1. Based on the Cβ-Cβ distance of Glu61 and Leu433, what FRET efficiency does E = 1/(1 + (r/R0)^6) give at R0 = 30 Å, to the nearest 0.05?
2. Helix 299-317 sits at what angle to the longest principal axis of the chain, using alpha carbons and giving 0 to 90 degrees rounded to 10?
3. In terms of solvent-accessible area of protein heavy atoms at a 1.4 angstrom probe, what is the ranking of Asp327, Asp171, Asp350, Asp161, highest value first?
4. I'd like the FRET efficiency for Ala284 and Ser116, computed as 1/(1 + (r/R0)^6) with the beta carbon distance as r and R0 of 25 Å, rounded to 0.05.
5. Carbon and sulfur: what percent of the stretch 256-403's accessible surface (1.4 Å probe)?
6. Within the chain, what is the longest stretch that has no GluC sites (Glu not before Pro) placed in a DSSP loop and near at most 11 other beta-carbon atoms within 10 Å?
7. For the full complex of protein chains and a 1.4 angstrom probe, list His125, His239 by accessible area with the highest value first.
8. How much of the pair distance distribution for the stretch 189-332 lies past 20 Å, counting alpha-carbon pairs only, in percent?
Amino acid sequence: MSKTSINKRYLVRLVVETQSPMAINTGDRETAFDAQLARDNNGLPTIPATSIAGVWASVAEALDIFGSDHARAAWFGTMQQRSALKISNGLLHDSQNKPVVGIKTQQDLQKDPLLSFLLQARPHHRERVALNDRGVAKDTAKFDLLLLPKGCRFSINVQFDDQFVDESEFDALLACWQSRAFAFGASTRNGLGAIKIVASELLCFDLAKGPAEGYALQKALNNISAPTENIKLPSNKQHLIAMSLPLKALDNWRCGAGSELLGNKVTEHNVNIMSYSEPVITWAASKASVKEKQAVLCGSSVKGILAHRVAFHFRKLTQQWAETIADEDHETWESRPEQLSELFGFADDDHDKSVAGKLVVDDCELIYKDTIIRTHNSIDRFTGGVRSGALYSEELLYQPEFTLKLWLDNRAGISETLIQALAETLDDLKLGLLPMGAGSGRGTSLVMQNEKGIWIDGLGDLTKEVKA
């Protein structure tokens, strides 16, 4: 376009809600953690505008929104020209669904139960470990992530004018927000940072009509109330293959290691092992409340389980038998096939050599009706007998149901063998041959397809594309 003056100014007001915990960290370190959460001048969590712009531009490029480098530069800028988009920081909503605008006193912030919870230095965190070739935690490979809980809402304003850009392209840009790839913070391929738009508003001001339109724009920018309706958002073009896998535990089941009892069972003894749960923020009639414990199967746990079984099938398909490396050292036995980096990524000491995986795994909310307390004796590994005074108990969920959602980036070519290994892994899961949870040695992690849901893996079409 060759316009030299602004005719129209567009304002898009968005309210986004986190669909999983989010880790937007700064470079500063928090005690016992690698980084601090990004916060505003009130000490409240925020989504920096730079993070929003970076994710938006990346997703738009993945979806081939831009017809040319010039269009990309016009919308998001370069070192030589400014961006047409003016993006605000994400403002956190309080428990009454109102964005917190301006500087507030700590006394005022503490009066709101939601803000008081999120003002904590560590409102939520997850402990992570790397897995070795045996599918168990690797020694000295534990780390923690500081997180915001699921359910946080943020207001984001986006402005642009029609001086240097074609406003008709903005519909396609706005559709990017509905892509699963549009996620904020760290570890987004392990289930974190997912969002959805819960309210939106698109306003247009024709500044050529005179000062009245300018006053209306200023009034809209100063409006501290969030939109409550949702405009009809453009249809979303997805570059990820979606897989939806409904699963149900065969019997008593547990995942992770939690700190809160999930049932109402009364017991005289302390329970030593509990299923993992975490706080979530729930909304009802535009009012927020903090639910202290929601049972969750973390996407990072699922990814480790899948990686271990995919490696097995890949070695089987490529004739890599254990006998051929019988004399190799332990490091060789621990290493997985290099080709798996296509799916699961690879972190190298040299950042430029690191690779982002093409498989995205969502967190799974667990739905269950009852729990049970089971007591065990600890076994002496030398004698095989019961250890004296080593009785312990665990809380198990009875036949929980959940839907495992996977997303596969199909833009780049993935080897047919690797796709086949992933397909056979999902078949194992469907047939109940792949434990999905904790305590597999005691039978508390067995799952198989839930017949009440529809099993969608989407790999058949991808296999055809690869063969073609």
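The values are calculated or read from the model by the stated rules, or taken from the named source; none is laboratory data. Remember, it's a predicted structure, so these values are computed and weren't measured experimentally. Counting neighbours? That spans all protein chains shown, and the Cβs are built from the backbone with ideal geometry, glycine included. Each accessible area value is taken on the protein alone, full model and side chains, heavy atoms only, with ligands, DNA and RNA left out. Shrake-Rupley method; radii C 1.70, N 1.55, O 1.52, S 1.80 Å.
1. My answer for the efficiency is 0.15.
2. Its long axis makes an angle of about 60 degrees.
3. I get Asp327, Asp171, Asp350, Asp161, largest accessible area first.
4. Given R0 = 25 Å and the Cβ-Cβ separation, E is 0.85.
5. Taking all protein chains in place, the stretch 256-403 shows 49 percent carbon and sulfur surface.
6. 1-228
7. His125, His239
8. Percentage above 20 Å: 75.
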